[in-house]
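Everything below concerns the one structure shown next.
Bear in mind that the values in this text are calculations on the coordinates, not laboratory data. Please read all numbers here as calculations on a predicted model, not as lab measurements. Here the Cβ is made from the backbone with ideal geometry for all residues, glycine too, and neighbour counts use every protein chain on show.
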Amino acid sequence: MNIKEMQEEILRLKKEKDILILAHAYQSQDILEIADYTGDSFGLSLQAQKAPNKNVLMCGVRFMADTVKVLSPEKHVYLANRNAGCPMAQQMTKEDVQMLKEKYPEYAVVAYINTTTELKTVVDNIVTSSSAVHILKNMPEKDILFIPDPNLGSWVAKQCPEKNIKTFQGGCPSHLRITKKDVEKARAQHPEAEILVHPECRKEVTELADYAGSTTGIMKYAQESSAKEFVIGTENSIVQHLQFACPDKKFYPLSIECVCHNMKATTLVDVYNMVSGKDQEEIILDPALMDSARHAIERMIESGK
Ligand code: SF4
């Protein structure tokens with residue numbers, strides 16, 4: 001079977017078996033082409049909630065499939081590749097948060113959505129990169145512990161000077177590979193280009209960029225901007241997706257090192273194996289855990305409006 005034949009077979013099987021396919025924007029082009037929805041983890045969860053399908057396949061990493069399951073417990077949710085995890089989501093545990101709360105009792109704890117379901121049950125609020133500033137500005141607490149990404153935390157802190165935001169060690173190993181030198185090199189090589197980065201990048205990278213925002217924000221900015229050239233500082237698949245979306249513009253990676261091997265673990269063959277029933281991993285979570293995490297995620301959806 002070649003790629004096209006496999007894609008056609010996936011499309012036939014997903015219709016026959018009532019499977020909704022969600023693909024994170026960091027997935028490869030052949031997977032995006034057979035997905036019902038593409039986007040960031042938060043947007044995909046909302047799409048899964050709205051869709052009538054009984055089965056959902058997440059092409060992304062584990063915390064994303066868990067979030068879909070928590071928001072749609074009545075659906076059968078599957079992760080396309082069982083080994084696809086997010087290293088950042090493993091950097092802090094529920095117990096770590098409980099220790100922080102004891103140490104800083106006057107602080108509210110805010111967690112990035114890239115965390116485990118267990119951790120989400122003990123924090124005061126959850127945010128995405130696109131909703132973080134809005135949510136923090138609307139929180140009554142001034143003192144905030146932002147976990148687990150210190151780079152996203154410091155980017156948010158800069159835009160919320162009225163808050164006292166404390167961050168800790170950690171971060172996305174893929175975005176941390178982009179350095180200040182990469183920005184200086186890109187400015188010299190592409191003087192006409194705008195540099196767009198994700199706030200998971202190091203603080204010194206974000207500060208030198210023309211725009212910092214979520215994956216969805218970067219894609220929207222590049223599509224709407226009148227500029228003709230862009231240097232993209234996020235997972236490198238976005239460079240390719242933008243090139244498909246805007247063939248008249250030019251896109252360059254800020255660093256060829258910014259590749260998430262966890263996101264890339266999923267292949268079209270994994271998707272085919274799942275929809276054909278050859279290899280499936282259904283997400284099963286404790287109902288009480290899901291209820292507790294759902295309250296936190298729904299609070300995030302409400303406060304993000
Ligand atoms: S890009 Fe970073 S934050 Fe996103 S899934 Fe990969 S490791 Fe996790």
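Points worth noting:
- Per-residue ³J(HN,Hα) for region 204-213, Karplus 6.51 cos²θ - 1.76 cosθ + 1.60, θ = phi - 60°, Hz, x for Gly and Pro: 5, 6, 4, 5, 8, 7, 7, 8, 10, x
- Beta bridges per DSSP with both ends in the chain, % antiparallel, nearest 5: 5 percent
- Taking the number of Cβ atoms within 10 Å of each Cβ as an exposure proxy, the fewest-first ranking of 294, 202 is 294, 202.
- Point-charge dipole on Cβ atoms (K/R +1, D/E -1) for region 1-96, about Cα centre, debye to 20: 240 debye
- Taking amide H positions as modeled 1.01 Å from N, with prolines and chain starts lacking one, the residues under 5 Å from residue 112 and 5 or more places away or on another chain are 127, 147, 149.
- Relative intensity of region 151-305 on a log10 scale, I(q)/I(0) at q = 0.11, 0.19 Å⁻¹, equals -0.59, -1.18, per a Debye sum over C-alpha point scatterers of equal strength in the absence of solvent.
- Spatial separation of Cα centroids for region 67-144 and region 1-25, in angstrom: 31 Å
- Remark: region 206-251 carries a charge dipole of roughly 140 debye about the Cα centre, counting +1 on each Lys and Arg Cβ and -1 on each Asp and Glu Cβ.
- Under 5 Å, built H, 5+ apart or other chain: amide partners of residue 77: 56, 283
- 29 Å Cα-Cα threshold exceeded, pairs from 50/120; 15/228; 142/180; 120/181; 203/250: 15/228; 142/180; 120/181
- Which of 247, 19, 209, positive extreme of dipole for the chain (C-beta unit charges): 209
- Global geometry of the chain, whether rounded, prolate or oblate, following the gyration tensor of its Cα atoms and the 1.5 cut on a/c: oblate
- Amide H within-cut-off set for residue 230, under 5 Å, with H built and near neighbours excluded: 194, 250, 251, 252
- Cα gyration tensor shape of region 30-123, rounded if a/c is under 1.5, else prolate or oblate by comparing a/b with b/c: prolate
- For region 79-227, convex hull of alpha carbons as volume per residue, Å³: 132 Å³
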